[in-house]
Amino acid sequence: MATLAACGNAKTTVSEAGNTQGVFSNRVVVGALSSQTGPLPADFAPIVTGAQVYFDMVNAQGGVDGRRIDLAYSLDDQSSPSIDATQARALVDEFHVFAVVAVATPSFTGASFLAANDVPTFGLNVNPQWSGPPSLFGSSGSYTNFTSPEVEPAFLAEQHHAHAVAVLAYNVAQSQAGCQGMINGLHRYGIPVVYEDLSIPAPASDLHADVTRMQAAGVDMIVSCMDLGGNVLLSQTMQEAGMSGVTQLWEDGYDESAIREFTSAMQGVYFTEPHVPFEVTQLYPGVYPGMDQFQAMLKRYAPGTLPSQAAQAGWTSADLFVTGMRAVARDLTRSRLVAAINRMSSFTADGILSPVDWRLAHTSSPPPNCNAYIHAVGTRFVPVYGTPQSVFSCFETPYPPTTAPITLLNPVPVGVP
């Protein structure tokens, strides 16, 4: 029986049975931890649906080696760092889950407890806490370095011959950190950044001052690390001010319901994603079977739910968990599961992700750097800058970064440039 340590992030003392906590002859009990409420629930809450849909599919097929996967506990951290830490501890010490398979939150403070106790943990890797511990598995790799120069905005700027870029972010750490890598990448490749505002109050309520200053600076491209609401407000304010012909790259907003609701504001906007676009199911049926299956199972088990980044992260996280379970077979323990996953050299979730090498992905992100560019056109999204063989644009950038030029590995454009 487990006994709790007195305080802090000390490791819970467990018997050998603790390594199999939540494992029964016919089921495995797992949990989820996400921001179901708070300022940005739409960005995080769907991760639980994505994971549950995957488990519904696996359970309908008989489970894994005779065990069904029971996502029995889904806790809400209310977007609060202190509550996140408390809920992470509750999943392990109160609800006795074997693993935490769907984490999505703006502040993953519970990571230290889960890592210290070697709890296999899976989720949306938008926090620096994912980096390092071998038992934490981010949805597209765990390593995150927010200051490392990001090549994607620089490449887009080159394609549009941008000569005056603005970068906008909220006055919260996650938003600011996300944009710092963008700024560093633009500087590294010689793209002029003429305006920065990384202290916009969240959520954004008035962007007129920013738009006026960007107009005065002759901005012809904007990189935004705000949420969908802030991005839409930005675009609408620009339209009111007559600020047209500006290339926009948004970190948030790649959402089918959003483009239907905010068609005018989203016209011409670009996005980058670490997974293949949802549109490949219609454009290239059968080429990316994991994405085809994800969308089919959403329709079957969660009708009316549209695909989203968080739901997709839940699906791929559940896929990685199950892949690890199958590698371990009946002798399932936390340590065996973690070891099995960390031997995987090319995990793609059946074509959804560019290959993740879990032998390296906790502590580094070696080249090539692959992402999908997506362009908002009318009421749909179109993959661009890929090839018929791959919707990913991959950059062979030096590692660690130097001043070498960008090299696009697959430069033939697809769709609308």
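The values are calculated or read from the model by the stated rules, or taken from the named source; none is laboratory data. Worth saying up front: this structure is predicted, and the values here are computed from it rather than measured. In this analysis, Cβ positions are derived from the backbone assuming ideal geometry, glycine residues included, and neighbour counts consider all displayed protein chains. What goes into the accessible areas is simple: the full protein's heavy atoms, side chains included, and nothing from ligands, DNA or RNA. Shrake-Rupley method; radii C 1.70, N 1.55, O 1.52, S 1.80 Å.
Quick notes
- Simple Cβ-charge dipole of the chain, Lys/Arg +1 and Asp/Glu -1, about Cα centre, in debye nearest 20: 1100 debye
- The angle separating the long axis of helix 173-188 from the principal Cα axis of greatest extent in the chain is about 50 degrees.
- Selection from Gln267, Gln309, Pro289 lying farthest towards where the dipole of the range 248-309 points positive, charges on Cβ: Pro289
- Charge-dipole axis of the chain as Lys and Arg at +1 and Asp and Glu at -1 on Cβ define it, positive-most pick from Ile69, Asn127, Gly138: Ile69
- Inter-centroid distance (Cα atoms) of the range 300-353 relative to the range 158-175, Å: 33 Å
- Listed residues Ser224, Ser112, Ser142, most fluctuating in the chain (Gaussian network, C-alpha, under 10 Å): Ser112
- Using a simple spin-label model with pseudo-atoms 7 Å out from Cα toward Cβ, Gln176 and Ala329 lie 5.3 nm apart.
- The chain: angle of helix 81-93 to the longest principal axis, Cα-based, in degrees nearest 10: 30 degrees
- Prolate/oblate/rounded call for the range 161-305, Cα gyration tensor, a/c under 1.5 rounded: prolate
- Most mobile listed residue (Gln78, Gln174, Gln389) in the chain, GNM with C-alpha springs under 10 Å: Gln389
- Using only side-chain charges placed at the Cβ, +1 for Lys and Arg and -1 for Asp and Glu, the dipole size of the range 212-336 relative to its Cα centre rounds to 620 debye.
- Options Ala85, Gln180, Ser199, ranked by Cα towards positive dipole end of the chain, top entry (Cβ charges): Ala85
- Gyration tensor verdict on the range 229-329 (Cα atoms; rounded if a/c is under 1.5, prolate if a/b is larger than b/c, oblate otherwise): prolate
- Taking a ≥ b ≥ c as the square roots of the eigenvalues of the Cα gyration tensor, an a/c ratio below 1.5 marks the range 188-257 as rounded.
- Within the accessible area of the chain (1.4 Å probe), percent carbon and sulfur: 54 percent
- Principal-axis tilt of helix 46-60 within the chain, Cα atoms, nearest 10 degrees: 50 degrees
- Residues in the chain average 39 Å² of solvent-accessible surface per residue, probe 1.4 Å, ligands and nucleic acids excluded.
- Residue of Asp43, Asp255, Asp331 that the Gaussian network model of the chain assigns the largest fluctuation, springs spanning Cα pairs under 10 Å: Asp331
- Efficiency of FRET from Cβ geometry, Gln282 and Thr37, R₀ 35 Å, rounded to 0.05: 0.55
- Using only side-chain charges placed at the Cβ, +1 for Lys and Arg and -1 for Asp and Glu, the dipole size of the range 144-212 relative to its Cα centre rounds to 140 debye.
- Heavy-atom accessible area for His187, with the other protein chains in place and a 1.4 Å probe, reaches approximately 100 Å².
- Antiparallel DSSP beta bridges within the chain, as percent of all bridges there, nearest 5: 40 percent
- Counting only protein heavy atoms and using a 1.4 Å probe, the accessible area of Glu94 comes to about 120 Å².
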